[in-house]
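All of the numbers you see were taken from the coordinates with simple rules; none came from a lab. Model, not experiment: these values are computed from the prediction. Cβ coordinates were reconstructed from backbone atoms using ideal geometry, including for glycine residues, and neighbour counts include every protein chain displayed.
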Amino acid sequence: MFDVIVVGAGPSGLSCAIEAQKEGLACIVLEKGSVVDAIRRFPTSLIWFSTPELLEIGGLPFVINTVRPTRADAIAYYQRVVRHFNLAIRTFDSVEEVARESGRFVVRTSRGARYEAKNVVIATGYYDSPNRLGIPGESLQKVFHYYDEAYRYNNAEVAVVGGRNSAVETALDLFRHGARVTLIHRGEKLSDGVKYWILPDIENRIKSGEIKALFRTQLREVTATSIVVETDGERKTLPNDFVFVHIGFTPDGDRLKRFGVEIVPETQAPRQDARTFETSTPGLYVAGSAVGGKNNNKVFVENGRLHGQEIVASIIANKRSLRQGVSQT
């Protein structure tokens, strides 16, 4: 019987485990991949927008020689956090079931393990659930919702769908490694949230014609050798070898429901206390970017890493209240 089971070993999940450990609570973290697996799957050349101190958890300093950390810096830091605090983590074992039984939670995994806990924190993020266009050909092997590196796409016709940071950075990286890039965005212009030091770069590449940009445009179909786009009601077929769809992510609401989390239909966010992150199921919490639902652009590592303190404080307060209730009885 654990005091806390944390589902997900991202920064938010790790922070919950650290805070639980500090309070003397028996805690285990269950992770379907590796530690900070979502960060591991980021583009290999990624540089964080934030400075290191905004990514720290557990009070352990994140020290680097540059202003902004790279993907590799972040992975190394969070792996060091796990070693430093000697966190109990079971990796590569997906949680398949969270059930409430006789006043406790029973958690079962894909490897057949069974755990019991008084509290469960779900910190699974949203990176496994990319938004999809729902168009013919989206399931072709040439269509990707994630980006790793550019070398494979040299001298290829590549379409990038989206107008925010991920799409812009992918388009620029592909262009600089010899791909012929078409950026497709349904808006009038790029998102206002594009990083300020990247925006002049992409605007200049578009202005010079080095990257072709199609605004007010939607991708309608993908075939083995082409794509069909629609701009202001007019459809056009363009040659194409690869497509990257970067239109954001949404937490897996169906999976959260199976775990006992009530979902708000309008936002697809968990129904939970905004201060403690406890859901309508007592003892069941949701932390990190999964908190945001459709509005996941409001919860990042930078603020999601702080959820652990509030959640563990709530668990301690509930535990104290229960003891007082028993003593009064």
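Which loop-located chymotrypsin sites (Phe, Trp or Tyr not before Pro) does the range 104-155 contain, where loop means any DSSP state but H, G, I, E or B and the Cβ has at most 16 other Cβ atoms within 10 Å?
Answer by residue number: Tyr146.
For the range 130-135, in order, what is each residue's ³J(HN,Hα) by Karplus, 6.51 cos²θ - 1.76 cosθ + 1.60 with θ = phi - 60°, in whole Hz (x at glycine and Pro)?
x, 5, 10, 7, x, 10
Need the C-alpha centroid separation for the range 115-145 versus the range 224-250, integer Å.
22 Å
Whole-Hz Karplus ³J(HN,Hα) for the range 233-242, in order, using 6.51 cos²θ - 1.76 cosθ + 1.60 and θ = phi - 60°, x for Gly and Pro?
Going residue by residue, I get x, 9, 9, 9, 9, 10, x, 7, 10, 9 Hz, with x marking Gly and Pro.
Of the DSSP beta bridges with both residues in the chain, give the percent that are antiparallel, rounding to the nearest 5.
Within the chain, antiparallel bridges account for around 50 percent of the total.
What's the angle, to the nearest 10 degrees (0 to 90), between helix 199-208's Cα axis and the longest principal axis of the chain?
Approximately 20 degrees, to the nearest ten.
Can you check how the C-alpha radius of gyration of the chain compares to 2.2 N^0.38 Å, as a plain ratio?
Numbers: Rg = 22.1 Å, N = 329, 2.2 N^0.38 = 19.9 Å.
In units of the 2.2 N^0.38 Å rule of thumb, it is 1.11.
Using the 10 angstrom Cβ neighbour count as an exposure proxy, how do Asp252, Asp173 rank, fewest first? Spell out each step's value before the answer.
Details: Asp252 17, Asp173 20.
Starting with the residue having the fewest Cβ neighbours, the order is Asp252, Asp173.
Please work out the Cα convex hull volume for the range 143-245 and give it in Å³ per residue.
92 Å³
Can you give the extra length, in nm with one decimal, that the chain gains between Asn155 and Asp192 once fully stretched, where that is 0.36 nm per residue apart less the Cα-Cα distance?
In short, 10.3 nm is gained.
Tell me which GluC sites (Glu not before Pro) from the range 216-289 have a DSSP coil assignment and no more than 12 other beta carbons within 10 Å of their own.
Qualifying residues, ordered by number: Glu266.
Run the numbers for Lys22 and Glu266: contour at 0.36 nm per residue of separation, minus the present Cα-Cα distance, in nm. Intermediate results must be reported in sequence, preceding the final value.
Details: separation 244, 0.36 × 244 = 87.84 nm, distance 3.69 nm.
The span from Lys22 to Glu266 would gain 84.1 nm if fully extended.
Rg and Dmax of the range 214-263, Cα atoms, in Å?
16.9, 47
Sort out the exposed loop trypsin sites (Lys or Arg not before Pro) in the chain (DSSP loop, at most 12 other Cβ within 10 Å) and tell me the longest stretch that has none.
Longest run free of exposed loop sites: 1-110.
Going toward the positive end of the dipole of the range 23-66, with +1 on Lys and Arg Cβ and -1 on Asp and Glu Cβ, which of Val29, Thr44, Val63 do you reach last?
The listed residue farthest towards the positive side: Thr44.
Over the Cα atoms of the range 1-80, what Rg and Dmax result, in angstrom?
In Å, with Rg to one decimal and Dmax whole: 13.5, 44.
Which values, in whole Å and largest first, are the semi-axes of the equivalent ellipsoid of the range 35-111 obtained as the square root of 5 times each eigenvalue of the Cα gyration tensor?
Output for the range 35-111: semi-axes of 31, 15, 11 Å.
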